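Chemist: The structure that follows is given in the form of structure tokens.
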Amino acid sequence: MRDITLPGGETVPVLGQGTWMMGEKPERRREEIDALRLGVSLGMTLVDTAEMYGEGATERLVGEALDGLRDEVFLVSKVYPHNASQRGVIAACERSLERLGTDRLDLYLLHWRGEVPLKETIVGFETLRQAGKIRHWGVSNFDTDDMEELFDTPGGNACATDQVLYNLSRRGPEYDLAPWLAERGMPMIAYSPIEQGRLRTTSVLGDIARARHVEPLQIALAWVLHRPGVIAIPKASSQAHMRANRAAHDIDLTSDELTRLDHHFEAPWRKRPLEMI
């Protein structure tokens, strides 16, 4: 598994596991837990969740899945914007830790920009970090102007990453956000890296996949993993899907294939507002 370096020097895998909408169907629980545990064994040890997902139900599932595996995992969760005040973020983190069955998060993110001043959230994050409750903090769904404001706020340059929507059909961050992050040595975490399976697979994706005897969405994921400075966190609720995601990591796209994908899924030629799902 290839890895990528965070601003503080720690490395994490470029391919992790997303968990949005997991833990919400009791009949799928065992299958989802088995998939997450398999992912860890395959080297996909960055596991991302959030207090928003299932209003805590997903964190509980992740905690159960990681029982006995916690020290092998780089665990990420996110705080609601309305919980991100100086005191609120501390209380929210404590609730997430309890649901996850752990004493610390490796990375804690502000889920999106809200009404709470950034300076309050930063103080809360730093309080948690000094207490050993979190090891790193970052943001999610922040566009370039948000990142600039964050870095202009005292302590804001301690941010470790920005998690955003990014895939072949959502390439807007390439225009200015990705270069901004790269200049500061900050990885970008790509959520929904295969557009939740909704990418058109009858086009060049299908042609390339057929030639390689793989699935079109594996090509789409391989493309995201080919991008410099990007961590991908696709969700997989079954072991078969988890193995397919892991196999995409090992697909080395040729320059011709990359050119064809770029031609079909055009890179942005102007600034686009940051998209969210």
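Chemist: Does Ile233 satisfy the criteria of being closer than 20 Å to Met44 by Cα, buried (at least 17 other Cβ atoms within 10 Å of the Cβ), in contact (Cβ under 8 Å) with a residue 12 or more places away in the chain and not aromatic (Phe, Trp, Tyr)?
Modeler: For Ile233, the condition - closer than 20 Å to Met44 by Cα, buried (at least 17 other Cβ atoms within 10 Å of the Cβ), in contact (Cβ under 8 Å) with a residue 12 or more places away in the chain and not aromatic (Phe, Trp, Tyr) - is met.
Chemist: Please list, ordered by residue number, the helices (runs of 4 or more DSSP H) wholly in region 55-142 having 3 or more residues that are of a type in the set (Lys, Arg).
Modeler: Correct list: 86-100.
Chemist: Another one. Test Pro179 against the criterion of being more than 23 Å from Thr19 (Cα to Cα), at pLDDT 95 or above and assigned to a helix (DSSP H, G or I), and give yes or no.
Modeler: Yes, satisfied.
Chemist: Can we say Leu150 is in a strand (DSSP E or B), within 16 Å of Met188 (Cβ to Cβ) and either at pLDDT 95 or above or among the polar types (S, T, N, Q) (or both)?
Modeler: Here the answer is no, as Leu150 does not meet what is asked.
Chemist: Look through Arg184, Arg198, Arg171 and report the one residue that is in contact (Cβ under 8 Å) with a residue 60 or more places away in the chain, more than 15 Å from Ala248 (Cα to Cα) and open to solvent by 10 Å² or more (accessible area, probe 1.4 Å).
Modeler: Answer to the selection: Arg184.
Chemist: Also, quick follow-up: Go through (1) open to solvent by less than 10 Å² (accessible area, probe 1.4 Å); (2) under 27 Å from Asp145 (Cβ atoms); (3) out of contact with any strand residue (DSSP E or B) (no Cβ under 6 Å at 6 or more places or on another chain) for Ala220 and report which single condition fails.
Modeler: Failed condition: (2).
Chemist: Of all the residues that make up region 203-217, how many are open to solvent by 10 Å² or more (accessible area, probe 1.4 Å), aliphatic (A, V, I, L, M) and part of a helix (DSSP H, G or I)?
Modeler: The total comes to 3.
Chemist: Taking region 179-194, which residues are of a type in the set (A, V, I, L, M) and more than 9 Å from the chain's Cα centre (by Cα)?
Modeler: Leu181, Ala182, Met186, Ile194
Chemist: Mind listing just one residue for me: the one in region 105-116 that is farther than 14 Å from Ala50 by Cα and of a type outside the set (Gly, Ala, Ser) and, of those, least open to solvent (accessible area, probe 1.4 Å)?
Modeler: For region 105-116, the residue satisfying everything is Val116.
Chemist: Given Lys119, Lys133, which one is among the basic types (Lys, Arg) and in contact with a helix residue (DSSP H, G or I) (Cβ under 8 Å, 6 or more places away or on another chain)?
Modeler: The match here is Lys133.
Chemist: Also, I was wondering about something else. Of the numbered conditions (1) outside any loop (DSSP other than H, G, I, E, B); (2) touching a residue at least 24 places away in the same chain (Cβ under 8 Å); (3) on the phi > 0 side of the Ramachandran plot, Gly43 satisfies every one except a single condition; which is it?
Modeler: So the condition that Gly43 fails would be (1).
The values are calculated or read from the model by the stated rules, or taken from the named source; none is laboratory data. No experiment lies behind these values; they were computed from the predicted model shown. Positions of Cβ are generated from backbone atoms using ideal geometry, with glycine treated the same way; all protein chains shown enter the neighbour counts. Quick note on the areas: whole protein, heavy atoms, side chains included, nothing else; ligands and nucleic acids left out. Shrake-Rupley method; radii C 1.70, N 1.55, O 1.52, S 1.80 Å.
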